[in-house]
1. Name every residue in region 97-114 that is more than 29 Å from ILE356 (Cβ to Cβ) and open to solvent by less than 40 Å² (accessible area, probe 1.4 Å), in order of residue number.
2. With the requirement that a residue be in a loop (DSSP other than H, G, I, E, B) and open to solvent by 70 Å² or more (accessible area, probe 1.4 Å), what does region 15-51 give you?
3. Among the residues of region 171-188, what is the count of those that are more than 8 Å from the ligand (Cβ to nearest atom) and open to solvent by 10 Å² or more (accessible area, probe 1.4 Å)?
4. Out of LYS267, LYS226, which single residue is within 15 Å of the ligand (Cβ to nearest atom), of a type in the set (Lys, Arg), out of contact with any Asp or Glu (no Cβ under 7 Å at 6 or more places or on another chain) and touching a residue at least 12 places away in the same chain (Cβ under 8 Å)?
5. Being of a type in the set (Phe, Trp, Tyr) and open to solvent by less than 10 Å² (accessible area, probe 1.4 Å) is the requirement here; does PHE159 meet it?
6. So, ALA282, is that one under 22 Å from the mean Cα position of the chain (by Cα), within 23 Å of ASN352 (Cβ to Cβ), open to solvent by 10 Å² or more (accessible area, probe 1.4 Å) and within 13 Å of the ligand (Cβ to nearest atom) or not?
7. So PHE166 clears everything in (1) away from the ligand (no atom under 16 Å from the Cβ); (2) open to solvent by less than 20 Å² (accessible area, probe 1.4 Å); (3) touching a residue at least 60 places away in the same chain (Cβ under 8 Å); (4) of a type outside the set (Lys, Arg) except one condition, right? Which one?
8. Can you give me the number of residues within region 301-344 that are within 28 Å of MET284 (Cα to Cα) and open to solvent by 30 Å² or more (accessible area, probe 1.4 Å)?
Amino acid sequence: MNKMLTEQDFIFKNNSEDMPEKGSFTWKTPSNIALVKYWGKRDPQLPENPSISFTLDACFTMTTLEFNKSSLVQDDKEINFDVFFEDEKKDDFKPKIQRFFQRIKQYVPFITDYDFVIRSRNSFPHSSGIASSASGMSALALCIMSLEKELSENMTETFFHKKSSFLARLGSGSASRSIDGELVVWGNHNDIQGSNDLYGIKFPSIIHDNFKNYHDTILLVDKGEKQVSSTVGHDLMHGHPFAEKRFEQAHQNLSELNEILQNGDLKKFINIVESEALTLHAMMLTSNPYFILMKPNTLSIINKIWEFRAQTNSNICFTLDAGANVHVLYPESEKKLVNNFIVSELIKYCQNNHYICDRVGLGAKQFE
Ligand code: DP6
């Protein structure tokens, strides 16, 4: 059953008398790569159009949340926490996390009763240009939901997943798609039952075998910090001359992709996925102020992929996120052919020849 929940349903109602004194939870959550892109949002962190992503496997964040009953009792206090990333204390991570806590507090009021220590690490290098907000925020949301579960009897698994995605969304939109695998839809779409703006849902139809175990080799073209953050980019969609058409197009593309994912049409898949990637960057090129996140090597790789596809009729394609790195997507059946091509023709465009072999994954996992 895919009952749609509302914001009201996510407000924690139990009076927490039996609150655990202290403890910890650990979650490993994946990154994801969007096929139809989320670009443009409104308050509170709601998408202007629906998006869909492959959940990844090798790119993940592992987060432990340690909680200790706070000795301070205050009504409207900031949450007291420390954050460590790869064993190093990171005070510069705190403002974003504090903002997240403040946003979710009305849904998980018990967090004000605790002091926290957050310990996090990524499987991918921090400076790889791979956004860690999706996996990072979803990991934290899941840890908080594990705590809520301790305080609420009979919480269903479905509710746990939906509320985790709901909280993760309030930290970073794409994080709402990093709870489940293998394909997740976030944002209301007429053809996809249960889809809504508040949280991500597992793609509800049967996925064609062609898309099982799909590969994503991430070519790290530029590992530097992005010049323009996603948050600023989203904001530039307000008053963007092409915004309305773009949001309509995303609906249309998701309608088509919904069919394709079920019927296995790889050629049509390629067409939509590449068009979405280029449209995302076209929005950046045409916003005011305009900006370019692709690098010359991004374009060289794209051209090489097109050449290779024309020569071999392979189903290789690319997508991009908000940066210069290229995600090379291909079916399991072409693993050998495409890997050889990547190693011999594409790696040279990567910074220090670095790339990450990833594939579609099953979603977040709790560790004892
Ligand atoms: C281009 O989720 O990083 O990767 O909600 O402001 O945290 P915030 O933005 P974020 O945006 C992701 C944009 C994208 C496309 C996508 O993942 O759908």
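1. Once the filter is applied, which keeps residues that are more than 29 Å from ILE356 (Cβ to Cβ) and open to solvent by less than 40 Å² (accessible area, probe 1.4 Å), region 97-114 yields GLN98, PHE101, ILE104, LYS105, TYR107, VAL108, PHE110, ILE111, THR112, TYR114.
2. ASN15, GLU17, ASP18, GLU21, ASP43
3. Qualifying residue count, region 171-188: 3.
4. LYS226
5. no
6. For ALA282, the condition - under 22 Å from the mean Cα position of the chain (by Cα), within 23 Å of ASN352 (Cβ to Cβ), open to solvent by 10 Å² or more (accessible area, probe 1.4 Å) and within 13 Å of the ligand (Cβ to nearest atom) - is not met.
7. With (1) away from the ligand (no atom under 16 Å from the Cβ); (2) open to solvent by less than 20 Å² (accessible area, probe 1.4 Å); (3) touching a residue at least 60 places away in the same chain (Cβ under 8 Å); (4) of a type outside the set (Lys, Arg) applied to PHE166, the lone miss is (1).
8. 6
The values are calculated or read from the model by the stated rules, or taken from the named source; none is laboratory data. Bear in mind that the values here come from a model prediction, so they are computed numbers and not experimental data. Cβ: placed from backbone, ideal geometry, glycine included. Neighbour counts: every protein chain shown. What goes into the accessible areas is simple: the full protein's heavy atoms, side chains included, and nothing from ligands, DNA or RNA. Shrake-Rupley method; radii C 1.70, N 1.55, O 1.52, S 1.80 Å.
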